[in-house]
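The values are calculated or read from the model by the stated rules, or taken from the named source; none is laboratory data. In this text the structure is predicted, and so the values were computed from the model without any measurement. Neighbour counts are summed over all protein chains in view; Cβ atoms, including those assigned to glycine, are modelled from backbone coordinates with ideal geometry.
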């Protein structure tokens, strides 16, 4: 993946959450509603995003309506970094 | 709600959706009226008046506690306050008008209603003026809302309270068998808790009385959800979605489908669905499965039908309420089931319970092993979701059933993730495994309903044994 944010997210999800290093995740593959990331791993993902990109993701935002694929999560991170 | 009540509310929703100005106040007026109108009869009749007043009072006090300086100015709120007071007093004055077919005429004397309204206005102003104590009052309000919740949801406690009220009024002792029902409290309470928690964390937008009340007691969703989020709701309240031709068709379809699910499918299934009597009388395991499946579909069609009606009605007024169900019985594992069953309630529990405690446990200096954290958080979240339906052993066991199921599923997925055999990776095997998953998930959920539906866990256990031919 060209986008460094997406690449970092993809690597974290495939290595730490799915435990399948090197697994490719396409930018529009559904993450939450498909059950790929469960509610527990979602909190871990939020903590990773907060530590790595220094943006806050609120507890109320950990759901498929806020982001459901890599594209949407990366866009959310970008928009908060610009602020 | 009856078909007639729904029909009238739909007409009112259509009218509100068409008026160019004053929609917020229109909704407030109808919602306030609906709270009185829909409240079921009580151990003693004046509760028909006082319980709705209590709902409005709690909502008003929570508004005062969470309001911001810019939203609490008199100019923005006097019209909403006037509507709340006038409708409350008009309902009380039915003792004079005597429109018995609409509302009881045995309401308290006007002086008493006026005194309560005046008292509430004074308390509201004191809360607004005394901002120094707001942190303390917000915490106290959280505790009070939860305490009331526990009292009205615990059968022993609510019987005690009802009995006490009946004695107090010297009413007919035969009435003591009817415990008090506070219509809509479970949903309204969770909306209010959400606004107070968001106020505490600084996320709550400024809200006027009309906006706050329209959110908390919105008439399409006040009896059976969904539990929306206030910032989302108010965005559409301020700029209602336009109603194009397609939206009329969508809303109409949603309403008709909802009514069909609720009043035809669910009500027919009710004849053959699981009950204490059927469980004790029936001997054949086959019939037990029929009753169990009938209940599983009855509760789905009943509840999702209500949600369809609420969503259809909301859309007529330019508001898109959140979905509560997404084909839950077609999901291939329990995690997905809970991502698509009563979604707005599970999302609430994730936001205000599961996520914060998981976050805290994962960020601890010496974090516990992952499986221990998952065990604690999943089980406690689902026991709480169970108890939200009622503080009884049956609901607690139902919650435990799902908490344990999710924990086992989580551990199994973790184990199998790196060990998927080659034969299971083909498209055909994936399809077969998916179908097997749907079958297992549905049956696990259906068996869980035993504890949910049969009040006594001993009867639920008897049913379980009969289902598997042990008895």
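Any residue at all in the stretch B:420-432 that's on the phi < 0 side of the Ramachandran plot and at pLDDT 95 or above?
At the first step, the residues of the stretch B:420-432 found to be on the phi < 0 side of the Ramachandran plot are B:420-432.
After this cut, where a residue has to be at pLDDT 95 or above as well, the list is none.
There is no residue in the stretch B:420-432 that is on the phi < 0 side of the Ramachandran plot and at pLDDT 95 or above.
Would a scan of the stretch B:402-412 turn up a residue that is closer than 30 Å to residue B:320 by Cβ and within 11 Å of another protein chain (Cβ to nearest Cβ)?
If we filter the stretch B:402-412 for residues that are closer than 30 Å to residue B:320 by Cβ, which is where we start, we get B:402, B:406.
Cutting the leftovers down to within 11 Å of another protein chain (Cβ to nearest Cβ) gives us B:406.
Yes, some residue in the stretch B:402-412 is closer than 30 Å to residue B:320 by Cβ and within 11 Å of another protein chain (Cβ to nearest Cβ).
Yes or no: the stretch B:412-429 includes at least one residue that is farther than 27 Å from residue B:375 by Cα and not in a helix (DSSP H, G or I). Working first, answer last.
Narrowing the stretch B:412-429 to residues farther than 27 Å from residue B:375 by Cα: B:421-429.
Retained after the next criterion (residues that are not in a helix (DSSP H, G or I)): B:421, B:426.
Looking for residues that are farther than 27 Å from residue B:375 by Cα and not in a helix (DSSP H, G or I), one finds at least one in the stretch B:412-429, hence yes.
Residues of the stretch B:334-361 that are more than 14 Å from residue A:64 (Cα to Cα), surrounded by fewer than 22 Cβ atoms within 10 Å (Cβ to Cβ) and facing chain A (nearest Cβ under 7 Å): B:356, B:359. The residues on offer are B:447, B:462, and the sole one that is part of a helix (DSSP H, G or I) and closer than 13 Å to residue B:279 by Cα is B:462. Anything in the stretch B:23-55 that is free of Cβ contacts under 8 Å to residues at least 60 places away in the same chain and closer than 18 Å to residue B:313 by Cα? List them, or say none. If the condition is that a residue be free of Cβ contacts under 8 Å to residues at least 60 places away in the same chain and closer than 18 Å to residue B:313 by Cα, then B:26, B:29, B:33 are the ones that fit.
In this structure, is residue B:437 under 30 Å from residue B:179 (Cα atoms) and either surrounded by 14 or more Cβ atoms within 10 Å (Cβ to Cβ) or out of contact with any strand residue (DSSP E or B) (no Cβ under 7 Å at 6 or more places or on another chain) (or both)? Please lay out each step first, then the result.
Working: under 30 Å from residue B:179 (Cα atoms): no; either surrounded by 14 or more Cβ atoms within 10 Å (Cβ to Cβ) or out of contact with any strand residue (DSSP E or B) (no Cβ under 7 Å at 6 or more places or on another chain) (or both): yes.
It is false that residue B:437 is under 30 Å from residue B:179 (Cα atoms) and either surrounded by 14 or more Cβ atoms within 10 Å (Cβ to Cβ) or out of contact with any strand residue (DSSP E or B) (no Cβ under 7 Å at 6 or more places or on another chain) (or both).
Among the residues here, residue A:24 does not qualify as within 10 Å of chain B (Cβ to nearest Cβ), surrounded by fewer than 20 Cβ atoms within 10 Å (Cβ to Cβ) and over 29 Å from residue B:204 (Cβ atoms). How many residues does the stretch A:47-64 hold that are surrounded by 20 or more Cβ atoms within 10 Å (Cβ to Cβ) and either more than 10 Å from every other protein chain (Cβ to nearest Cβ) or in a loop (DSSP other than H, G, I, E, B) (or both)? Qualifying residue count for the region: 4.
Of all residues in the stretch B:267-277, none are touching a residue at least 12 places away in the same chain (Cβ under 8 Å) and under 25 Å from residue B:215 (Cβ atoms). Yes or no: residue A:44 within 24 Å of residue B:334 (Cβ to Cβ) and either at the interface with chain B (Cβ under 10 Å from one of its Cβ atoms) or part of a helix (DSSP H, G or I) (or both)? Spelling it out, residue A:44 is indeed within 24 Å of residue B:334 (Cβ to Cβ) and either at the interface with chain B (Cβ under 10 Å from one of its Cβ atoms) or part of a helix (DSSP H, G or I) (or both). Given the conditions (1) under 27 Å from residue B:397 (Cα atoms); (2) in contact (Cβ under 8 Å) with a residue 24 or more places away in the chain, report the number of the one that residue B:434 does not fulfil. It fails just one condition, (1). Checked against the criterion of being farther than 24 Å from residue B:441 by Cβ, touching a residue at least 24 places away in the same chain (Cβ under 8 Å), surrounded by 21 or more Cβ atoms within 10 Å (Cβ to Cβ) and within 14 Å of another protein chain (Cβ to nearest Cβ), the stretch B:307-330 has at least one qualifying residue.
Among all residues of the stretch B:374-382, there is at least one that is farther than 29 Å from residue B:147 by Cβ and within 12 Å of another protein chain (Cβ to nearest Cβ).
Annotation: residue B:364 fulfils all but one of (1) within 13 Å of chain A (Cβ to nearest Cβ); (2) surrounded by 23 or more Cβ atoms within 10 Å (Cβ to Cβ); (3) out of contact with any helix residue (DSSP H, G or I) (no Cβ under 6 Å at 6 or more places or on another chain); the unmet one is (2). Please go through the stretch B:416-434 and pick out each residue that is more than 30 Å from residue B:288 (Cα to Cα) and surrounded by 11 or more Cβ atoms within 10 Å (Cβ to Cβ). Answer for the stretch B:416-434, where residues must be more than 30 Å from residue B:288 (Cα to Cα) and surrounded by 11 or more Cβ atoms within 10 Å (Cβ to Cβ): B:416, B:417, B:420, B:424, B:429, B:430.
Return yes when residue A:31 is buried (at least 18 other Cβ atoms within 10 Å of the Cβ) and away from chain B (no Cβ under 14 Å) and no when it is not. No: the conditions fail for residue A:31.
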